[in-house]
Amino acid sequence: MKKYSTLINAILVGVLAFIVAASVLPNLKGWAATPSPTPQAVLPACDSDRTINVTGSAVVNVVPDRALIQLGVQSNGVTPDDVQAANGIAMQKVVNAVRAMGVLPKDIATDWYIIEPIYDDYASLYIKGYRINNIIAVTLSDVSKLSNLIAATLKAGANQVVNVELYTSMLRTYRDQARDLAMNAAAEKARDLASAAGAEAGCVLHIDENSWSYYNGWWYGQSSSNLWTQNAVQNAAPSSGTGSGGDAEPVSLGQISVRAEVSVTFSLK
């Protein structure tokens, strides 16, 4: 009986050892087969001791598809009530004319409104009347109506056309294109200059974008900042040529120049 019990215990120990080996060996095999990670090559850093600084510029010319017109009514009267009533009636006729051209109310906004006294003798401060300058800004999404809109508002009673600006609703798209072209121009210039000096242009160390803009309009003797910035607006001027529709037009759309300029510093290899 004792020998039988010892045999059973030996069999049980063998089975247990087999189970443990079956569960451990695959893991050991996978562990042994896993290769150790290969050290990644360290890229050399840009050499900031030898550099070249260049500029790149680009211009994308596009036909404008939006217009901003500043026009209004100047009224004179003896009393503030008189001049305000006359100006309100005249301006409402102008707004109605703009609306009749298909312009939505959200695209018509008061841009300037001022009432001021008119002095007969400034030294004595004698006021002989009052004057109102009431200017509205109209955003026109159909630039083919520009000339007709100006004519219609003048017929309705507008006696001031302060300014006309042409711009594009796709400014972001064209500005990005101009930036890409400016960067390409800078990279080509750096490559050519470095090659002429017996070197090679390396990685980019620094980038500056020239985001200046200007506005050459005039309004009541004051210069004004460009509403659309990024060098993408032109002021419309009377033209003896023909408009986009082929008929004689007082305003020629022409093209807008969307500009971009960058200053880039490259390392030298």
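The values are calculated or read from the model by the stated rules, or taken from the named source; none is laboratory data. Everything numeric here is computed off the predicted structure, so don't read it as measured data. Every residue, glycine as well, gets a Cβ built from its backbone with ideal geometry; the counts of neighbours run over all protein chains shown.
Can you name the residue in segment 116-138 that is among the β-branched types (Val, Ile, Thr) and modelled with pLDDT of 95 or more and is also nearest to Tyr167 (Cα to Cα) among such residues?
Looking at the filtered set, the residue picked out is Val138.
Give the residue that is surrounded by the most Cβ atoms within 10 Å (Cβ to Cβ), with candidates limited to residues of segment 129-146 that are within 11 Å of Val103 (Cβ to Cβ) and of a type in the set (Ser, Thr, Tyr).
Per the stated criteria, the residue is Thr139.
Scan segment 152-175 for residues that are at pLDDT 95 or above, out of contact with any Leu (no Cβ under 6 Å at 6 or more places or on another chain) and among the hydrophobic types (A, V, I, L, M, F, W, C) and report the count.
So the count comes out to 3.
Among the listed residues Thr173, Thr153, which satisfies the condition of being in contact with a helix residue (DSSP H, G or I) (Cβ under 9 Å, 6 or more places away or on another chain) and of a type in the set (Val, Ile, Thr)?
Testing whether each residue is in contact with a helix residue (DSSP H, G or I) (Cβ under 9 Å, 6 or more places away or on another chain) and of a type in the set (Val, Ile, Thr) leaves just Thr153.
Out of segment 89-141, which residues are assigned to a helix (DSSP H, G or I) and among the small types (Gly, Ala, Ser)?
Ala90, Ala97, Ala100
Just to be sure I understand the filter: pairs with C-beta atoms under 8 Å, separated by 6 or more residues or on different chains, first member in segment 184-211 and not assigned by TED's automatic domain parsing to the domain that holds Thr265, second member at pLDDT below 95. Which pairs pass?
none
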